[in-house]
1. So what is the relative contact order of segment 1-105, in percent, for Cα pairs below 8 Å that sit 6 or more residues apart?
2. Counting only protein chains, not ligands or nucleic acids, how are 105, 192, 43 ordered by accessible area (probe 1.4 Å), most first?
3. Under 19 Å from a label point 7 Å along Cα→Cβ of residue 172: give me every residue in segment 223-261 with its amide N that close.
4. Write down Rg/Rh for the chain, rounded to two decimals, with Rg from the C-alpha atoms and Rh from the Kirkwood relation over Cα pairs.
5. Using only the Cα atoms of segment 191-304, build the gyration tensor, take square roots of its eigenvalues as a ≥ b ≥ c, and label the shape rounded, prolate or oblate: rounded if a/c is under 1.5, else prolate if a/b is larger than b/c, else oblate.
6. Taking segment 127-193, which trypsin sites (Lys or Arg not before Pro) meet the DSSP loop condition and have no more than 13 other C-beta atoms within 10 Å?
7. How many Å² of accessible area per residue for the chain, probe 1.4 Å?
8. For the chain, how many pairs of lysine residues have a Cα-Cα distance under 14 Å, where the two are 8 or more positions apart or belong to different chains?
Amino acid sequence: MQHHNWGLGMRTMKTALAIWLAFWVCDLLQFQNSALAAITTIVAVQPSLKGSMTTIKNQLIATSFGCCLAIIVAYYFHGSYTAIAVSAVLAIMLCVQLNLKESIVLLLVTIILIGQTPLENFTTAIVQRVSMILIGLLIGFGLNFFVRPQHRHRLLEHIDALRGDFEQLYRDCAEDLRRTEHLDKKVVQEQVMALRDQIQEVRNIYKLSVDSRLGYDETQARDELYLARRTINALASNLERLVEIHRSIVLSPRLENCDVVRELVYQYLMEVLYNHQRIYEDLLFDKPLTEEMMHAFDCRAIQVEQEMLQVLKAADDLLPLHYWNITVEAERIMYKTWNLSRLKRQIHGEMVDAEEVEELYRLQ
């Protein structure tokens, strides 16, 4: 059964609290029509701290211009509908030119509410409404600052789902070595495209995680976020290698004298898949991972290489090279993934050989 959380996350709770605080502060200050402050807080509570800061900056720029227009409309045109509409057009044009498109909605709300301010107690009303905008922005940013947006759990969940879908496609492609008929090319392409979309979605969540840390330097940091970025990049790279593997599987010869090598390559692909699963369990869930696993794989890779060379020497044509290409690409997937475990060890302060470190950064 699919689990639904109905959107009841931290951002939802912060938005509700921000609205309540906006009304409460405006009541304390005895402001009229405090809805403007509540509306502003909704805009200010962004999914990342950097997003909140950018929103506040853009809203202040746009609102300053909007207030000037609205004051002119209210004072000289007495809240004329036509004047408000013309002001809205000018405001939208300005936001588009200054790349402040996200500020358009609040800017228009400001123009409408201030533009219809009655001339009685005009100054007081204008000060109150501008103050409500500032109150809303400060409350929204303050909540995001003191209760920082947290995306780590969500990021790990999406990486785990992504690697699970990748491994399923990997298994399906490998099974083509045993099938009488290959997977439909269009189906494989659709699954690859879906995985690429997933990769982009995970990268967006990673970006939110980075933007929620003030002063975070991606080029210098060597922490869990750095490992997450490398993990996402590894999955993206390995997906392209899987595409090449399946292409070679489709082109590989199916003659009877190739049955042995086909089974050999299939078993090799299954070993890579098994190791891939174990490594990601270590990366995401801290399940124990030993060096012996990689040593065993190294020995197996050498054995497969020697057997493949014997097959190629005995071949009358170059078609068996497709089997060789399958093993080469699978080996690259394996080492790319294994280097992530080396990176994790290094981040956690474990000693990694200098040669391992050089290989780590070269392949990542």
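1. 18 percent
2. Descending accessible area places them as 105, 43, 192.
3. Within reach of a label on residue 172: 235-251.
4. 1.18
5. Judged from the Cα gyration tensor, segment 191-304 comes out oblate (a/c at least 1.5, b/c at or above a/b).
6. For trypsin sites (Lys or Arg not before Pro) across segment 127-193 that sit outside H, G, I, E and B with at most 13 neighbouring Cβ atoms in 10 Å, the list reads 178, 179.
7. 55 Å²
8. So the count works out to 4.
The values are calculated or read from the model by the stated rules, or taken from the named source; none is laboratory data. Values in this document were obtained by computation on a predicted structure and should not be read as measured data. Cβ: placed from backbone, ideal geometry, glycine included. Neighbour counts: every protein chain shown. Heads up: the accessible areas ignore ligands, DNA and RNA and are worked out on the full protein's heavy atoms, side chains in. Shrake-Rupley method; radii C 1.70, N 1.55, O 1.52, S 1.80 Å.
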